[in-house]
Amino acid sequence: MQKLVYYLVHQDTELRLGYYKTLAGARIAQRSHNRHLGFRHRIQRVNQDNWEVEQCVLQDQIVAATYVIVEDHIELEDLLLS
């Protein structure tokens with residue numbers, strides 16, 4: 001059986017920090033991680049390819065924040081083992 005999960009991913013290295021069972025949970029983690037990196041003022045969330053990206057204002061420019069959300073399906077057995 002497959003389960004839908006949301007991964008928090010570093011955009012440049014594509015390192016997955018963790019998974020979340022809900023999109024809301026992943027968005028909270030994304031906002032927290034990006035805020036700690038200095039992306040304080042989010043303008044909007046956009047979908048680029050398979051990523052949900054926060055666009056933020058940084059030094060009077062609109063930029064994509066570092067951490068993104070990726071939606072994925074995993075086998076339920078894999079979820080139970082982690």
Checklist outcome for this item: Taking segment 1-12 and keeping only residues that are of a type outside the set (A, V, I, L, M) and modelled with pLDDT under 95, one is left with Gln2, Lys3, Gln11, Asp12
Item to check | Meets criteria (assigned to a strand (DSSP E or B) and basic (Lys, Arg)) for Arg45 | outcome: yes
Item to check | Unique match (being in contact with a Ser or Thr (Cβ under 6 Å, 6 or more places away or on another chain) and surrounded by 12 or more Cβ atoms within 10 Å (Cβ to Cβ)) among Gln55, Gln30, Gln11 | outcome: Gln11
Next on the checklist: Just to be sure I understand, how many residues within segment 58-71 are in contact with a Lys or Arg (Cβ under 9 Å, 6 or more places away or on another chain) and surrounded by fewer than 17 Cβ atoms within 10 Å (Cβ to Cβ)?
Outcome noted: 1
Item to check | Enumeration of residues in segment 48-80 that are part of a helix (DSSP H, G or I) and either in contact with a strand residue (DSSP E or B) (Cβ under 6 Å, 6 or more places away or on another chain) or under 18 Å from Leu23 (Cα atoms) (or both) | outcome: Leu76, Leu79
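The values are calculated or read from the model by the stated rules, or taken from the named source; none is laboratory data. Everything numeric in this text was worked out from a predicted model, so none of it was measured. Glycine also receives a Cβ, built like all others from the backbone with ideal geometry; neighbour counts cover every protein chain displayed.
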